[in-house]
Amino acid sequence: MSHDGTTSRPDIERPESVYFFGTCLVDLFYPDAGMAGMELLKAQGVRVVFPQGQSCCGQPAYNSGYREEALKVARAQLDYFPGDWPIVVPSGSCAGMMSKHWPDLFKGEPDEARARQVASRVWELTQFLVQVLKVTFEDQGPPVKITWHASCHAQREMGVTDEPKALLRQLANVELVELQREKECCGFGGTFAVRHPEISAAMVGDKVADIENTGAKAVVSGDCGCLMNISGALEAGQKPVRGVHIAQFLKERTHG
Amino acid sequence: MGESSINFAKASSAALQDQQLRGNFRRAMDGLMSKRAVQFADTAEWNGVRALGASVRLRALSKLPELLEKLEANCTRNGIQVHWAATTDEANAIVLSIMQRVNAKLVVKGKSMVSEEMHLNAFLEKRGIECLESDLGEYIVQLDEAMPSHIIMPAIHMNTKQIAHLFKQKIKEAEYTEDVAQLTDLARRVLRKKFATADVGVSGVNMAVAETGTLCLVENEGNGRMSTTVPPVHIAVMGLEKVVEKLEDVPPVISLLTRSATAQPITTYVNMISSPRKEGEKDGPDEIHLVILDNGRSGIYADEELRNTLRCIRCGACMNHCPVYTKVGGHAYQAPYPGPIGSILMPQVEGLEKRGELPHACTMCNACVEICPVKIPIVEIMGRLRSEAVHPGDAVRGAGSHASKAEAMVWKGWSMTYASPLAYQFATALLAKLGNAAPTSLPLLKEWTNVRTKPRFANRTLHALAREKGIPDV
Amino acid sequence: MSESRNAILGKLRAGRDAHPLTPPESDFAVLRNKRWDGAERLERIKRMMEAVHTEFLETTEADWPADVQAFLTAQGTRNLLFGPATEVGARLSSAWTDGGPELIPYADRVETFKERLFDGIDAGITTTLGAIADTGSLIVWPTPEEPRLMSLVPHMHLALLRADALYDTFWQAMTENRWADGMPTNALLISGPSKTADIEQTLAYGVHGPKRLVVVIVR
Ligand code: SF4
């Protein structure tokens, strides 16, 4: 399958239950964002199932060139999503790995069909909230100016571009100022950040400057890799801007 | 091979220090990206012409050996002499033997990436043949004794001031000026004399049409037409993937090429050459030679996935959109083809032992994939080459040359942990407790914390929180 | 045949046969559907070509030689290179009046007057086979009577365009006229005067080819 940025998803019916795939970064570093994601779904009257056997989509190894190892970890996930429910993922990057790369990763394997079936049920969180649940939010927070960082894989692998911003724009007291280079990579790139620390630093440096120029108090994003990178750099540079996951931000604004 | 590995990290580090250079690239690439977007503003048209362009390239690849034979037959019928070179050495030798036969002293060159790949200039200069680049950008880079930093805009790393100084220093009749029109005019005067007196013209080929035996070249300056029309001998060099089946395949590819490359609906000249000077014609070269170069391409072609690299029409758009290229510029890659396409092509052509680091010069952001006019899955190939670099095999030269026992162990341990729910929960719970105590002097953390704070482990994992909140497991 | 040839083709064949590739259909509809009506075509051609510094001269079948002469005289052009053996050439030489720019025939092999061509010729005039609305391009097929360098070496290129010889796209022009059945030595699309942006992305005209392109529209 080629990823040419032309992804668009057919609608599905609103399910009674969904699976939540938390991702390994959320698990370790941003569990609150994960919880917030599940609560947003529950608030829409959907039953949320969090299989305790899940761990990681396999992306770190896959992108490092260790496909066997990635396959092993990806395969271990398949058992935990047996019901025919959507699998909602609070990260464009992991969702992209599962829905776009698993079919390649499992190609020729005995469980290829099963992997494809699981992959076809994967949704990025904001995409699911907008397209399937058609949520509407009532803003309960004070006025604030924010900006949005688009995750590379959410936009280019999952085709998620307008959904998150549409959600943020529903919030009456939130002013969304767009970045000048919203679509440009923040320089995380998994192992890239440590393999090429200087280039990565230059990239996140440009991103931070762009964020600062908006005058926003917070930068919201849908991917924890980006967030870890951007907020780490904001903090190190002592910038008065906080990085926050969109699930957490939406929950803060709407549940008081 | 004994060839040392090219150090991208070190070269890019130097480039990052150079604020001037970074400014030059950032400005130029920002402009190119926004202008390109205007050219493809009509999404339906973009999707249509892109699908068509990709189909043209894929169809050509599906019949590659037959089309090359057909191209050879039709060129030969038209009077164009066809030569085959397995390696760049062989291609250089072919070019040299033609030049020696006609006793060439001066060669003018139109822009050709394949000749860069062959290091043709250096090869000929060593043998006493003056080889002059005539594309203005290539001319500047040649005067500067440097390498092109972009496949479409070779001198994009320099600003007007730098070029003004260079001209003053290297061209006898030059007065110092920062006026672009005057600088251009100076080059025009110098090069006109050379065109008129050159013995041989060398050019690349943007596309060769099998059906008619036609060589297509696109350009803005007219130097390509000069090089292929004025000297008595014209030698065209092309990579073997540049063939297309039919003449009608040319328009969509040209449209994608020029719009993607420089955001022009078309270049000033589209030059289609099908024969040397015929009886009764008053100008044009008496001889045309087409050198078809393999240089590893047939090996790339053998692999179902890597083969897609050969779809490339060398538009350079992937460079313009690459956040890494935009930061470090073209020279950091130390390769005739920099940026995303270079990062997948160079390792396949020159081997992973030498170029194995290039597939890692990428955050896998997919910006290139999104705009590649012929839909090359660049990032997937990048990932595949990362894998080849650490696993011995025979699909790519130098496969396994970057294998490291220590790294392999880490990933093995990772996969064992992450594939077992128990091991995973045990490890993550431990990290949640103790992870934050890790000193920032640890190898990977050190690089990370240069410009960022340390990532903070939450004190309870999502697994634990979900259990506590009673979120159902099945 | 060379050893390399057979080795390369053999490798390609083996590689392909091991993993054949089925390409998607080539759907040319995106080009076929690009259409402009009569007046729009010429408007578009002018707009696109003017955007890259092309100049236009509107004239008629009866007046074009005189109009060209008047234009060149006003521009201070010293001479005009033309093809004497063409119909256009005949019209030019019979209508040309004394005192204007000198008419210089391209009558012999280039080798006989290369130096003058490169150094002493101000303008050259050629016919065209039409123009393309999609991209704003002239179609030029040089012939023995109108050689290749006429549209390249002189500082100014004048191109005669019949106002009814307009196409929508390059693809339409080549398929309708069955170019694939016989390509000339050299076929060209010319879309403006020579230009470059190689110095800091700043556009400059007239780098190697003509500095000016003047399209003479003949109605
Ligand atoms: S890989 Fe695609 S975008 Fe890059 S130069 Fe080739 S055709 Fe252009």
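The fewest-to-most ranking of B:ASP89, C:ASP37, B:ASP18 by surrounding Cβ atoms within 10 Å reads C:ASP37, B:ASP89, B:ASP18. Footprinting exposure proxy ranking of B:ARG307, C:ARG78, fewest other C-beta atoms within 10 angstrom first, gives C:ARG78, B:ARG307.
Note on the protein assembly as shown: dipole from Cβ charges, positive end direction compared against A:PRO142, B:GLY299, B:THR88; the farthest Cα belongs to A:PRO142.
In the range B:1-85, taking the dipole from charged Cβ atoms about the Cα centre, the farthest positive-side position among B:VAL56, B:LEU67, B:LEU32 is held by B:LEU32. Mean projected area of the convex hull spanned by the Cα atoms of chain B, taken over all viewing directions: 27.5 nm². Across the range B:26-51, the residues whose backbone nitrogen lies under 17 Å from the label position 7 Å along the beta-carbon direction of A:ARG181 are B:26-37.
Net charge near B:ALA164: determine it from the other residues with C-beta under 11 Å of the C-beta of B:ALA164, scoring Lys and Arg +1 and Asp and Glu -1. Kindly include the intermediate steps, with their values, before the conclusion.
Values: positive: B:LYS161, B:LYS168; negative: B:GLU175, B:GLU178, B:ASP179, C:GLU200.
Result for the local shell: -2.
Cross-link reach is defined here as a Cα-Cα straight distance under 29 Å, omitting same-chain residues fewer than 8 places apart; for A:LYS107 the lysines meeting it are A:LYS72, B:LYS63, B:LYS375, B:LYS405, B:LYS412, C:LYS11.
Too long at a 18 Å Cα-Cα cut-off: which of B:LYS194/B:LYS242; B:LYS111/C:LYS46; B:LYS10/B:LYS327?
On the way: B:LYS194/B:LYS242 29 Å; B:LYS111/C:LYS46 29 Å; B:LYS10/B:LYS327 14 Å.
From the list (B:LYS194/B:LYS242; B:LYS111/C:LYS46; B:LYS10/B:LYS327), the Cα-Cα distance tops 18 Å for B:LYS194/B:LYS242; B:LYS111/C:LYS46.
The string of couplings for the range B:211-228 from the Karplus curve (6.51, -1.76, 1.60, θ = phi - 60°) is 4, 10, x, 10, 9, 10, 10, 10, 5, 10, 8, x, 5, x, 5, 4, 5, 9 Hz, one whole number per residue in order, with x for Gly and Pro. Between A:VAL132, A:VAL219, A:VAL160, the GNM of chain A built on Cα springs shorter than 10 angstrom shows A:VAL132 fluctuating the most.
Taking the Cβ of each residue in B:ILE94, B:ILE288 as the centre, tally the other Cβ atoms inside 10 Å and list the residues starting with the fewest. If you can, show how the numbers build up before the last one.
Numbers: B:ILE94 21, B:ILE288 26.
Going from sparsest to densest Cβ surroundings: B:ILE94, B:ILE288.
Counting only other chain Cβ atoms within 10 Å of each residue's Cβ, the peptide B:260-269 averages 6.
So, with +1 on the Cβ of K and R and -1 on the Cβ of D and E, and no other charges, what is the size of the charge dipole of the range A:91-199 about its Cα centre, to the nearest 20 debye? Spell out each step's value before the answer.
Details: 13 positive and 15 negative charges, 32 e Å.
The dipole of the range A:91-199 has a size of about 160 debye.
Can you grab the distance from the C-alpha centre of the range B:194-247 to the C-alpha centre of the range B:131-149, Å, no decimals? Here the answer is 19 Å between Cα centres. Taking 15 Å as the straight-line reach from the Cα of B:LYS109, the aspartates and glutamates in range (excluding those fewer than 8 positions away in the same chain) are B:GLU117, B:GLU125, B:GLU130, B:GLU133, B:ASP135, B:GLU138, B:ASP199, B:GLU219, B:GLU221.
For A:ARG114, neighbours were defined as the other residues whose beta-carbon sits under 11 Å from its Cβ, and their charges (Lys and Arg +1, Asp and Glu -1) total -2.
What you get for the protein assembly as shown, charging only the Cβ of Lys and Arg (+1) and of Asp and Glu (-1), is a dipole of about 2020 debye around the Cα centre. For the range B:304-350, the C-alpha radius of gyration sits at 1.12 times the compact-globule guess of 2.2 N^0.38 Å, with N the residue count. Global dimensions of the range B:1-78 from alpha-carbon coordinates: Rg and Dmax equal 21.4, 55 Å. Restricted to Cα atoms, chain A shows a radius of gyration and a Dmax of 17.7, 54 angstrom. The distance separating the Cα centre of the range C:165-200 from that of the range C:83-113 comes to 25 Å. Dividing the convex hull volume of the alpha carbon atoms of the range A:57-185 by its residue count gives 117 Å³ per residue. Here the range A:137-255 yields Rg over Rh of 0.96, to two decimals, using C-alpha coordinates and the Kirkwood radius. For the protein assembly as shown, the 222 nm mean residue ellipticity estimated from helices alone, with every DSSP H stretch of n ≥ 4 adding -39500 (n - 2.57) and the total spread over all residues, rounds to -13000 deg cm²/dmol.
Excluding A:PRO90 itself, what net charge comes from residues whose Cβ is under 12 Å from its Cβ, given Lys and Arg +1 and Asp and Glu -1? Numbers along the way, then the final one.
On the way: positive: A:LYS251; negative: A:ASP27, A:ASP32, A:GLU39, A:GLU124, A:ASP223.
Result for the neighbourhood of A:PRO90: -4.
Taking amide H positions as modeled 1.01 Å from N, with prolines and chain starts lacking one, the residues under 5 Å from A:VAL88 and 5 or more places away or on another chain are A:TYR19, A:PHE20, A:PHE21, A:TRP123.
Nearest 20 debye, what's the magnitude of the dipole of the range B:1-110 about its Cα centre given +1 on Lys and Arg Cβ and -1 on Asp and Glu Cβ? Please report the intermediate quantities before stating the final value.
On the way: 15 positive and 10 negative charges, 69 e Å.
Using only the charged Cβ atoms, the result is roughly 340 debye.
Could you please state, rounded to a whole Å, how far the C-alpha centre of the range C:1-62 is from the C-alpha centre of the range B:250-305? Cα centres, the range C:1-62 to the range B:250-305: 11 Å.
With the gyration tensor restricted to C-alpha atoms of the range B:40-295, the semi-axes of the equivalent ellipsoid amount to 29, 24, 16 Å, longest first.
Quick one: grab the alpha carbon gyration tensor of the range B:406-468, order the square roots of its eigenvalues as a ≥ b ≥ c, and give me rounded if a/c is under 1.5, else prolate or oblate depending on whether a/b is larger than b/c. Let's see the in-between values first.
Numbers: a/c = 2.77, a/b = 1.23, b/c = 2.26.
The shape class here is oblate.
Cross-link partners of B:LYS446 among aspartates and glutamates, defined as those whose alpha carbon lies under 14 angstrom from its own and excluding same-chain residues fewer than eight positions apart: A:GLU198. Please name whichever of B:TRP448, C:LEU92, B:GLY137 sits farthest to the positive end of the charge dipole of the protein assembly as shown, dipole taken about the Cα centre and charges placed at Cβ: Lys and Arg +1, Asp and Glu -1. Comparing the listed Cα positions along the dipole, B:TRP448 ranks first. Peptide packing for B:451-458, C:202-209 was compared via the average number of neighbouring C-beta atoms within 10 Å per residue; ordered from the highest value, the list is C:202-209, B:451-458.
For chain B, B:CYS75, B:CYS131, B:CYS216, B:CYS312, B:CYS315, B:CYS322, B:CYS362, B:CYS372 have no disulfide-compatible partner, since no other Cys C-beta lies under 4.7 Å from theirs. Structure remark: mean-square fluctuation, Gaussian network model of chain A, C-alpha springs under 10 Å; the largest value among A:ALA36, A:ALA166, A:ALA154 belongs to A:ALA166.
Under conditions of 20 °C and 1.002 mPa s, chain C yields 109 µm² s⁻¹ as its translational diffusion coefficient, taking Rh as the Kirkwood radius over Cα pairs in the Stokes-Einstein equation.
Normalised radius of gyration (Cα atoms, divided by 2.2 N^0.38 Å) for the range B:241-302: 1.49. Using every Cα-Cα pair within the protein assembly as shown, state what percent have a distance larger than 48 Å. Pairs farther apart than 48 Å: 30 percent. Rounded to the nearest whole angstrom, the semi-axes of the ellipsoid equivalent to the range B:186-227, taken from the Cα gyration tensor as √(5λ), stand at 25, 12, 6, largest first. Proximity of backbone amide H atoms, modeled 1.01 Å from N, is registered between C:SER137 and C:ILE132 at under 5 Å, excluding neighbours fewer than 5 places apart on the same chain.
Every read-out reported here was derived from the displayed coordinates using simple, explicitly stated rules and does not represent laboratory data. Given the structure is predicted, the values throughout are model-derived calculations rather than measurements. A quick note on method: Cβ atoms are made from the backbone with ideal geometry, for glycine too, and the neighbour counts reach across all protein chains shown.
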